[in-house]
1. Normalized C-alpha radius of gyration of the chain, against 2.2 N^0.38 Å?
2. If each DSSP helix of 4+ residues adds -39,500 (n - 2.57) and the sum is divided by the residues in the chain, what number results at 222 nm, nearest 500 deg cm²/dmol?
3. Helix 134-160: angle to the longest alpha-carbon principal axis of the chain, degrees 0 to 90, nearest 10?
4. Return one number: the angle in degrees, 0 to 90 and rounded to the nearest 10, between the long axis of the Cα atoms of helix 67-77 and the longest principal axis of the Cα atoms of the chain.
5. Which sequence of Asp66, Asp30, Asp113 reflects their accessible areas, 1.4 Å probe, from the largest down?
6. Let me have the relative contact order for segment 77-227, percent, based on Cα pairs under 8 Å that are six or more residues apart.
7. Express the carbon and sulfur contribution to the solvent-accessible surface of segment 147-227 as a percent, rounded to the nearest whole number, probe 1.4 angstrom.
8. Between beta-carbons, use under 14 Å as the cut-off and find the net charge around Leu219, counting Lys and Arg +1, Asp and Glu -1.
Amino acid sequence: MTVFHFFNCAILTFGPHAVYYSATPLSEYDTLGTSVKAALVYLGTALVKLVCIATFLKVPENDGFDPYQELLKGLIGFIDVAGLYFALTQLTHRNISQNHKFQAVGLGWAFADSVLHRLAPLWVGARGLEFTYEYILQGLEANANLVVTVSLAALGSLMWLRKNKPKTLIPIIYVCAGILATMPSITSYLMRGLGWHLPKVVGFELFTSFVMAFISWQLFSACQRPA
C-alpha cells in the first residue's frame with residue numbers, strides 16, 4: 001500500500017510534465033534538448049539562490065512572518081527571472097519557433113524544480129506507513145507550478161524576444177510577469193502571515209495559476225496578431 005501511494009503521488013507530481021510534452025507539438029519538433037538545457041540552467045540558478053539565501057537570510061526563530069526576511073527572499077527569487085532570461089535568449093536552440101521555445105524552456109524549468117524540491121520528500125515520506133494527503137497536495141502544487149512557470153516563460157518571451165508588440169499591452173505584460181515572479185512570496189505570506197493551511201494555499205495556487213495562464217495566453221495571442 002505504501003509503495004502504491006508513493007507511485008500515485010509521483011505520477012501526480014511528475015506525470016503532467018510528460019503529458020504536456022507528449023500531447024503538444026513539443027514532441028513533434030524534438031524540443032527535448034531545449035528542455036534539458038533549461039533544466040540545467042535552473043539547477044545553476046538554484047545554486048546561486050542557495051548561496052544568496054545562506055549569505056543574507058538568517059535562520060528564523062519561529063514560523064512567524066518576517067516582512068524584512070520575506071522581502072529579501074522575494075528579491076532573491078528574482079534570480080529565477082534572470083535565469084529564465086538566460087535560458088530564453090542566450091542558449092542555442094534548434095530551429096524552433098518562439099511559441100515552442102518558451103514552452104520547452106518553461107517545461108524543463110518546472111520539471112527540474114519539481115525534482116529538486118519534491119522528489120526527496122516523496123521518496124522519504126510517501127512510503128511511510130501512515131497515509132497522508134500532504135504529498136497529494138504537493139503533487140497538485142507541482143502542477144500549479146508548471147502552469148505558472150510556462151506562463152512566466154511566455155511573458156518573458158514577449159518581453160525579451162518579441163519586438164513589435166502593441167505598446168498598450170507592454171505595462172500589462174510586465175505587471176503579470178511581476179505577479180508570477182512573486183508567487184512564492186505571496187504564498188509564503190498566506191501561510192505565515194495569515195495562517196492559511198496547506199490545502200487552502202494549494203487551492204489558491206491552482207486557481208491563480210489557471211487565471212494567470214489564461215491572461216498570459218490572451219496577451220501572447222494578442223501580440224501574435226499582425227498590427
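The values are calculated or read from the model by the stated rules, or taken from the named source; none is laboratory data. No experiment lies behind these values; they were computed from the predicted model shown. A quick note on method: Cβ atoms are made from the backbone with ideal geometry, for glycine too, and the neighbour counts reach across all protein chains shown. Please note that ligands, DNA and RNA were not included when accessible areas were found on the heavy atoms of the full protein model with its side chains. Shrake-Rupley method; radii C 1.70, N 1.55, O 1.52, S 1.80 Å.
1. Details: Rg = 18.1 Å, N = 227, 2.2 N^0.38 = 17.3 Å.
The reported ratio for this selection is 1.05.
2. Working: 9 runs with 169 residues, N = 227.
Result for the chain, helices only: -25500 deg cm²/dmol.
3. It is inclined by approximately 20 degrees.
4. It is inclined by approximately 50 degrees.
5. Final ranking, largest accessible area leading: Asp30, Asp66, Asp113.
6. Values: 120 pairs, mean separation 47.0, N = 151.
Across segment 77-227, relative contact order equals 31 percent.
7. Numbers: 3050 of 4300 Å².
About 71 percent, which is the carbon plus sulfur part of the accessible surface.
8. Values: positive: Arg162, Lys165, Lys167, Arg225; negative: none.
With Lys, Arg at +1 and Asp, Glu at -1, the net is +4.
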